[in-house]
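J.: Just passing along the structure, written as structure tokens.
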Amino acid sequence: MDLFWHRRDPRLRDNAGLAAAAAAADARSDRVVPVFAYDAELLETVGARRRTFLLRTAAALQRRYRERGSDLVVRSGDPAAVLPDLAEEYGAGRVTYNEHYRPARRERERGVESALADAGVETNARTDLVVVDPGRLAGSYPNHGRFRDDWDAVPTPDPYPAPEAGRFADVGGERSVRAVAADASGEPDPFRTDVDLPAAGYRAARDRLDGFLAEGIATYADTRDDLARAVEAPTRAVSRLSPYLAAGAIGIREVWAAATEARDDASDEDARRNVEKYRDELTWREGMYHLLYYAPDLAESNYRSFPNPIAWREDDAGFDAWKRGETGYPLVDAGMRQLEAEGYVHNRPRQVVASFLTKHLLVDWRRGARWFMKRLVDADHASNHGMWQWIASTGTDSVDVRIFDPVSQAAKYDPEATFVREYVPELREVPADAVVDWPTLSPEEREELAPDYPHPIVDRDAAYERAKRVFEEALGKR
């Protein structure tokens, strides 16, 4: 008997480790016991919204196993203690799992490997979080284009099929994910949260992907930054697969293969261009995991070296206004209010709000990254911290100092203020051009148009010049 330890991979299809465990068991006419360890210490570090979505996704996985005449064995505790006990209980000689790149997760892997070795049980770790193993690429790249060139040169594997039902052991009657989580957490219902979450599990993820393939991917490059379209058709303007990829509900190889097939089947060059842009965005995710693989302190330390320290400001009042969506910059506030209302932020305002915090307010990017990890349903350690560093000009970028102007961004991507009005009700009766230009209006104009909406907490031009000066000083250019 073999155990398969489900971690951030709660799915049957396109699961590298599960496929390997099933193949090895099949070769010995044996069976696989799928297990899930409710690791309270680890889950306490995860934002409540994401934790709930992860648990719901694990519950959906358990239903899938039960449909196949098996079950997901759920236990509570440190995996280094849980897995040796389960191996003894089921007479397992090997535990297979998919490896992680986040330092805390790697530390758990080492603890599990040591405990299982002491118990005489083999371990087998597989690469699953990415299409291309970062270890096959160079340690660093000057920009995404160079990374993509090398990444494209590595053959990409096909999605792994779901193992046949007969490959799983008959372990019916196990306790549910919800029951174990309730006991371990002390919460009456660990599936409750303060926002409406997407439907959980592989089937929901695949339905969302199929809908996007049918009605969104062929126009993706044209609609991905159209904020009015994001309000009207949120899962067609972009895929909004990020919660499912972050939870591991769907495999990245499956998404890549589907996008590649859509590109190959594109009806014309315009559609092909749109689909190719989506594929390129998937390689940005690969790039963020590459960064984490070679720079495990990505969440704590600047990726880029500076000859002088960056003069971050301890602006608690500004940081709190940013979190509440009360900065007086409409697009920034709309993005932050979307975060609070949905646990998600569209990519364009996600970049704008991060730039505003790190450049216009000069608040350390780590504070913003931690807040996102706490509030996002799609929080992903690699993508979140890689994105924040890129925006903060401390990561991989060909531009020394990148500053998003929230006014010009609104004028370009939300000219009718559709997105802003969706999330900032104080501005719904204000003309669109005034919403876009809000920080440039006089205090008297603002007071007359929307007395309940805040004035800008920082001067647009002065903040821009200050950020430029601070980063040039850090770079030794002043």
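The values are calculated or read from the model by the stated rules, or taken from the named source; none is laboratory data. If you're wondering where the values come from, they're calculated on a predicted model, not measured in any experiment. Cβ placement follows ideal geometry from the backbone for every residue including glycine, while neighbour counts extend to all protein chains displayed. In case anyone asks, the SASA skips ligands and DNA or RNA and just uses the protein heavy atoms, side chains included. Shrake-Rupley method; radii C 1.70, N 1.55, O 1.52, S 1.80 Å.
J.: Sort Tyr423, Tyr289 from largest to smallest accessible area, using a 1.4 Å probe on the heavy atoms of the protein chains.
T.: Tyr423, Tyr289
J.: As a test of understanding, state the convex hull volume per residue of the range 324-397 from its alpha carbons, in Å³.
T.: Convex hull volume per residue, Cα atoms: 79 Å³.
J.: Count neighbours as other Cβ atoms within 10 Å of each site's Cβ, and list the trypsin sites (Lys or Arg not before Pro) in the range 1-36 that are DSSP loop with at most 10 such neighbours.
T.: Arg28
J.: Right, another one. Order 100-113, 452-465, 329-342 from most to least packed using the mean count of other Cβ atoms within 10 Å.
T.: The peptides rank, most packed first, as 329-342, 100-113, 452-465.
J.: Going toward the positive end of the dipole of the chain, with +1 on Lys and Arg Cβ and -1 on Asp and Glu Cβ, which of Ser185, Val275, Ala237 do you reach last?
T.: Ser185
J.: Can you tell me the FRET efficiency between Asp158 and Asp452 if r is taken as the Cβ-Cβ distance and R0 is 51 Å, rounded to the nearest 0.05?
T.: 0.40
J.: Read through the labelled values [x] 65, 46, 36; [y] 77, 51, 47; [z] 72, 58, 39 and report the label of the one computed as Cα extents along the principal axes in Å from the structure.
T.: This structure yields the entry labelled [y].
J.: Right, something else. In Å², and per residue, what accessible area does the chain have when probed at 1.4 Å with the other protein chains present?
T.: With the other protein chains kept in place, the chain gives 41 Å² per residue.
J.: Which value at 222 nm does the chain reach when only helices count, each DSSP H run of 4 or more adding -39,500 (n - 2.57), with the total divided by all residues and rounded to the nearest 500 deg cm²/dmol?
T.: About -15500 deg cm²/dmol.
J.: Sort Thr235, Thr52 by heavy-atom solvent-accessible area, probe 1.4 angstrom, most to least.
T.: Ranked list, largest accessible area first: Thr235, Thr52.
J.: Here is a follow-up. How charged is the neighbourhood of Arg7? Take every other residue with its Cβ under 12 Å from the Cβ of Arg7, and add Lys/Arg as +1 and Asp/Glu as -1.
T.: Taking every Cβ under 12 Å from that of Arg7, the sum is +2.
J.: Of Thr396, Thr45, Thr327, Thr156, which has the most accessible area with a 1.4 Å probe, and how do the rest follow in descending order?
T.: Descending accessible area places them as Thr45, Thr156, Thr396, Thr327.
J.: Follow-up. Structure shown: which of Lys359/Lys412; Lys323/Lys468; Lys277/Lys468 lie over 25 Å apart, alpha-carbon to alpha-carbon?
T.: Lys277/Lys468
J.: Shifting gears a bit: When the convex hull of the C-alpha atoms of the range 323-478 is computed, what volume per residue in Å³ does it have?
T.: Per residue, the Cα convex hull of the range 323-478 comes to 100 Å³.
J.: Taking all pairs of different Cα atoms in the range 224-381, averaging 1/r and flipping that mean, what Kirkwood radius in angstroms comes out?
T.: When all Cα pairs of the range 224-381 are included, the Kirkwood radius is 17.5 Å.
J.: Please give the Cα centre distance for the range 173-207 versus the range 256-331, rounded to the nearest Å.
T.: If we compute the Cα centre of each part, the gap is 28 Å.
J.: Under 19 Å from a point placed 7 Å out from the Cα of Arg203 along the Cα-to-Cβ direction: which residues of the range 144-172 have their backbone N that close?
T.: 162-166
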